[in-house]
Structure formats: structure tokens, C-alpha cells
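Presented below is the structure to which this report refers.
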Amino acid sequence: MKQLLVINSSINGDKGHSVQLTQHFLAQLPQGSFSVDSIDLNTSPLPHLAMSEMAAWMTPAEQRSEQQQQLAAISDELIARIKAADVIVLGVPMYNFGVPSQLKALLDRVARAGITFKYTEQGPVGLLDDKPVVILATRGGVYQGTAMDSQTPFLQSFFNFVGLNSLHFVYAEGLNMGADAQQAALSAASQRLLEIGEAVAA
Ligand SMILES: Cc1cc2nc3c(=O)[nH]c(=O)nc-3n(C[C@H](O)[C@H](O)[C@H](O)COP(=O)(O)O)c2cc1C
């Protein structure tokens, strides 16, 4: 059975369109084809990354204090869950043209020198095995393809940097632009998810 990791970051919780779209994506996968691991950054937020945590990463495991062991374990566990997944699905609301700070706090713990990326004389090399990453981008307005969409290039750069290149962006935009626009956006996103679901389950 394949393993699927869902990461949600909407402050609306289960009422968030991004969360509902991730649920929709899971519901239409063939039954029994995936076991699901979930990270809900709304109910279990991570603090901003601090130097004490980075210092714990940089201290050899056998020399870490008890507090450093606990701090390093936060990132170690997140990376282990990402490595264990065959497919990753992210619900990503647009907040002030970027990703939710809840999600940024997680990504800050996934980029680890020597573990998920390394620098060589030719530049950075991602160390994670490639796998499909489905990004459900929900927005009140319509920004895809414009300079005001800082989410897409950021997420693309970030995931490519750690070795994840099979990215599937699904946009549900104009969600705050009236009932018709919302309905059209959600149904187009659902249709796209159906196609991606078939591809990742194959
Ligand atoms: C704090 C905050 C900031 C937002 N900033 C933007 C924005 O910059 N651009 C945009 O199109 N929508 C913005 N919105 C609207 C959300 O993107 C929209 O409501 C979306 O549906 C949120 O995702 P969710 O339904 O999964 O919670 C913002 C909403 C909140 C709560």
C-alpha cells in the first residue's frame, strides 16, 4: 500500500476550502490504495524556527543535550514523514500573497543541510527522492501567473531545492469573488484533482 502525507495549514480548519479539497482528493482515490498520514498545522502549529533549534541540528547527535535532542526531533520527525510518503498533498491558502506562516514554519524545518540538500561546487543538490507533490492553492482573488503570486515561485524553488520536482499545482481562485466564481473554481479544481488522483494511484 502506498503512503500519502497530507499537510494542511488553513486557519479555517475543516471549513477551509483547501482542507475540503484535500479531503475531496483523498475520497476519490481507489479505496485501500493509500494509507494516510496527516499534519494539521492549524491545530498543531509549529513555532518560528529559532537558533537554538538550528544549533541542535548542527550538534552531533551523540553530543546533544536533552533539550537539543527534543528540538532536533521536531525536524527529524517531519523529514522522516516526508521521506516515508509516496505522495504529498498540501493545502495552501494564500495569505497576504504568500504561504501561511504555519506552513513556512514547517518548511523551515525540512530544509536541512546534509539531510535534504547539500551544496556542491556546481551549486545546490536536493537529497530527497523525487515523488509527486500536489499543491492545492486556494485564493480569495485571482493571482495565478501574475507577479503578485509569490506562492508559486517560492514553493517551486523550495521543493526543487530539496529534490522534489514532480509538482502538481491545482488552483482554486476567486473564492471570495461571489458564489458563481467560487463554485466554478471549486468544481474546476475538483476535476483537476480527479485527473491527478488517477495518475498518482496508478
Ligand atoms: C489573513 C488572510 C490573508 C489573505 N490574503 C489573501 C491574499 O493575499 N490574496 C488572496 O487572493 N486571498 C487572500 N485571502 C483569502 C484566502 O486566500 C481565501 O479565503 C482562501 O479561501 C483561504 O483558504 P482556505 O479556504 O483554505 O482557508 C486571505 C485570507 C486571510 C484569512
| Which condition number in (1) over 13 Å from the mean Cα position of the chain (by Cα); (2) β-branched (Val, Ile, Thr); (3) outside any loop (DSSP other than H, G, I, E, B) is the one that Val134 fails? | (1)
| task | Output yes when any residue across segment 80-94 is of a type outside the set (D, E, K, R) and more than 15 Å from the chain's Cα centre (by Cα), and no when none is. | result | no
| task | Of all residues in segment 148-188, count the ones that are more than 30 Å from Arg112 (Cβ to Cβ) and within 17 Å of the chain's Cα centre (by Cα). | result | 1
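Would you point out which residue out of Gly197, Gly126 is under 16 Å from Val87 (Cα atoms), more than 14 Å from the ligand (Cβ to nearest atom), in contact with a Phe, Trp or Tyr (Cβ under 7 Å, 6 or more places away or on another chain) and not β-branched (Val, Ile, Thr)?
Gly197
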| request: Have a look at Ala137, Ala202, Ala185 and point out the one that is free of Cβ contacts under 8 Å to residues at least 40 places away in the same chain, small (Gly, Ala, Ser) and buried (at least 19 other Cβ atoms within 10 Å of the Cβ). | output: Ala185
| message | I want to confirm something. Restricting to segment 1-44 and keeping residues that are in contact with an Asp or Glu (Cβ under 6 Å, 6 or more places away or on another chain) and polar (S, T, N, Q), which single residue is nearest to the ligand (Cβ to nearest atom)? | response | Asn8
| remark: Only unsatisfied item for Leu167, checking (1) more than 16 Å from the ligand (Cβ to nearest atom); (2) within 21 Å of Ile7 (Cβ to Cβ); (3) out of contact with any helix residue (DSSP H, G or I) (no Cβ under 9 Å at 6 or more places or on another chain), is (3)
| task | Tell me which residues, restricted to segment 92-115, are among the hydrophobic types (A, V, I, L, M, F, W, C), touching a Leu at 6+ places or on another chain (Cβ under 9 Å) and either within 16 Å of the ligand (Cβ to nearest atom) or farther than 14 Å from Ser157 by Cα (or both). | result | Val92, Val99, Leu103, Ala105, Leu106, Ile115
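Hey, can you tell me all the residues within segment 129-162 that are of a type in the set (Lys, Arg) and away from the ligand (no atom under 13 Å from the Cβ)?
Step one: of segment 129-162, the residues of a type in the set (Lys, Arg) are 131, 139.
Answer for segment 129-162, where residues must be of a type in the set (Lys, Arg) and away from the ligand (no atom under 13 Å from the Cβ): just Lys131.
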| note | Quick count over segment 23-75, residues being among the acidic types (Asp, Glu), under 16 Å from the mean Cα position of the chain (by Cα) and crowded, with 17+ Cβ neighbours inside 10 Å, is 1
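No lab work stands behind these numbers, since they all come straight from the coordinates. As the structure is a prediction and not an experimental result, all values here were calculated from the model. When we count neighbours, we look across all protein chains shown, and the Cβ atoms used for this are built from the backbone with ideal geometry, even at glycine.
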